[in-house]
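The numbers here are math on the coordinates, done by the rules we state, and not lab data. These numbers come from a predicted model, not from an experiment. Neighbour counts are summed over all protein chains in view; Cβ atoms, including those assigned to glycine, are modelled from backbone coordinates with ideal geometry.
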Amino acid sequence: MSWIWGHRRHPRPVVNDYTGYADKPIILKEGILIVAELKSEKGELSPEQYFWLLEFMKVTPLVFIWKESDWDEVVEIITKYRR
C-alpha cells in the first residue's frame, strides 16, 4: 500500500472512508504529532483501530492508547512536548 487516508464527514462518516481512525490526532505548535486512541477502562481496539495505530507508528513515535486512569500520563506527555 503506497498511502492511506482518513477524512471525517459530518453528521456521520461514509462507510469505509475512515473507520477506526484515531480519536485525537493532536498537532502541537512545535510540529509534534501525538496520536491518541481514547478507551474506557474495559475498552479494546477494533481491528481497524489497530491498523490505523500501526500506520501512525510508522511516521511518529508518539502514539498512545489512553484510558481514563491514564490522565496523569496524558497531562505529563502533553506538558513535556509543549515546551
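Among the trypsin sites (Lys or Arg not before Pro) in region 21-55, those located in a DSSP loop and surrounded by at most 15 other Cβ atoms within 10 Å of their own Cβ are Lys29, Lys42.
Straight Cα distances below 17 angstrom link Lys67 to the lysines Lys24, Lys39, Lys42, with same-chain residues fewer than 8 positions distant left out. Stretched out straight at 0.36 nm per residue, the stretch from Ser40 to Thr19 would grow longer than its current Cα-Cα span by 5.7 nm.
Any number yet on Rg/Rh for region 24-81, C-alpha, Kirkwood?
Values: Rg = 11.6 Å, Rh = 12.0 Å.
Radius of gyration over Kirkwood radius for region 24-81 works out to 0.97.
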